[in-house]
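Chemist: Please see the structure below; I have some questions.
The values are calculated or read from the model by the stated rules, or taken from the named source; none is laboratory data. Just so we're clear, the structure is a prediction, and the values are computed from it rather than from any experiment. Note that we place each Cβ from the backbone using ideal geometry, even for glycine, and neighbour counts take in every protein chain shown. Just the protein is used for accessible areas: all its heavy atoms, side chains included, with ligands, DNA and RNA removed. Shrake-Rupley method; radii C 1.70, N 1.55, O 1.52, S 1.80 Å.
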Amino acid sequence: MTASYRYDVEILHLLVSSGHAYFGRARDGAADVPTTDAERVDVVSGKGIVGDRFFGKAAHMDAAVTLIAIESLEAMAAELGVAPFDPLLTRRNVVLRGAHLAPLLGEEFALESGGGGPGGFHSVRLRGGRPAHPCAWMDQVLAPGAHAAMRGRGGVRCQPLSDGILHRGPAVLISPVPLDPDKAGTATLLRASRLP
């Protein structure tokens, strides 16, 4: 990866859950599965986050780690006129502040974190695979209208390209393309499906 641009961001949350919480009918409620907001997570190349529900699952190899910008959730709550959302309810693995994610689709990039602790900075390389589209559960767990409001700003599903560690706290996003942190909460236009 030829890194050209460095952006100071913050890793606010690192969600690790061994099971899927949102399946079946929303009116029946979410499944009670263990979920951790970790201080740090271990990432394995091609597999994902150790202990997470997507780790090593063949169907999710290109999308094992999900990222979302907290600004997206803040903008949604403001538009819907509701209290701030609990970002963990989106079930995204990495919640960032200051990260403009949409331009990273199809790109290799890196997150460096943990610079203040023993061992210095840790780096994890990722490839932005596809948008992390919201599911209808968002209307149930966040607020009515959240499913529609989250379209185009649900985050990015990524393939881990290196082993490494992510830490909560200050981080650096290293991108091969220019990003605009002021657009972190802006919805990205979704292309119409090519399916008949």
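Chemist: Among the residues that make up the range 79-93, is at least one of them among the aromatic types (Phe, Trp, Tyr) and open to solvent by less than 30 Å² (accessible area, probe 1.4 Å)? Walk me through it before giving the result.
Modeler: Let us first name the residues in the range 79-93 that are among the aromatic types (Phe, Trp, Tyr), namely 85.
Add one more test, that the residue is open to solvent by less than 30 Å² (accessible area, probe 1.4 Å), and what stays is 85.
Yes, there is a match, as at least one residue in the range 79-93 is among the aromatic types (Phe, Trp, Tyr) and open to solvent by less than 30 Å² (accessible area, probe 1.4 Å).
Chemist: Would you point out which residue out of Asp32, Asp8, Asp28 is at pLDDT 90 or above, of a type in the set (Asp, Glu) and over 19 Å from Ala132 (Cβ atoms)?
Modeler: Details: Asp32 fails: at pLDDT 90 or above; Asp28 fails: at pLDDT 90 or above.
Being at pLDDT 90 or above, of a type in the set (Asp, Glu) and over 19 Å from Ala132 (Cβ atoms) holds for just one of Asp32, Asp8, Asp28, which is Asp8.
Chemist: Which residue pairs have Cβ atoms closer than 6 Å, lie 6 or more positions apart in sequence or on different chains, and pair a first residue in the range 42-69 that is closer than 27 Å to Gly185 by Cβ and at pLDDT 85 or above with a second residue that is among the charged types (D, E, K, R) and assigned to a loop (DSSP other than H, G, I, E, B)?
Modeler: Here the result reads Thr66/Arg92; Ile68/Arg92, each pair linking the range 42-69 to a residue that is among the charged types (D, E, K, R) and assigned to a loop (DSSP other than H, G, I, E, B).
Chemist: Scan Ser113, Ser175, Ser123 and give me the residue that is under 17 Å from the mean Cα position of the chain (by Cα), among the small types (Gly, Ala, Ser) and open to solvent by 50 Å² or more (accessible area, probe 1.4 Å).
Modeler: Working: Ser113 fails: open to solvent by 50 Å² or more (accessible area, probe 1.4 Å); Ser175 fails: open to solvent by 50 Å² or more (accessible area, probe 1.4 Å).
None of the others qualify; the one that does is Ser123.
Chemist: If I filter the range 146-166 for residues that are part of a strand (DSSP E or B), open to solvent by 30 Å² or more (accessible area, probe 1.4 Å), touching a helix residue (DSSP H, G or I) at 6+ places or on another chain (Cβ under 6 Å) and not charged (D, E, K, R), do I get at least one hit?
Modeler: So far as the range 146-166 goes, yes, one or more of its residues are part of a strand (DSSP E or B), open to solvent by 30 Å² or more (accessible area, probe 1.4 Å), touching a helix residue (DSSP H, G or I) at 6+ places or on another chain (Cβ under 6 Å) and not charged (D, E, K, R).
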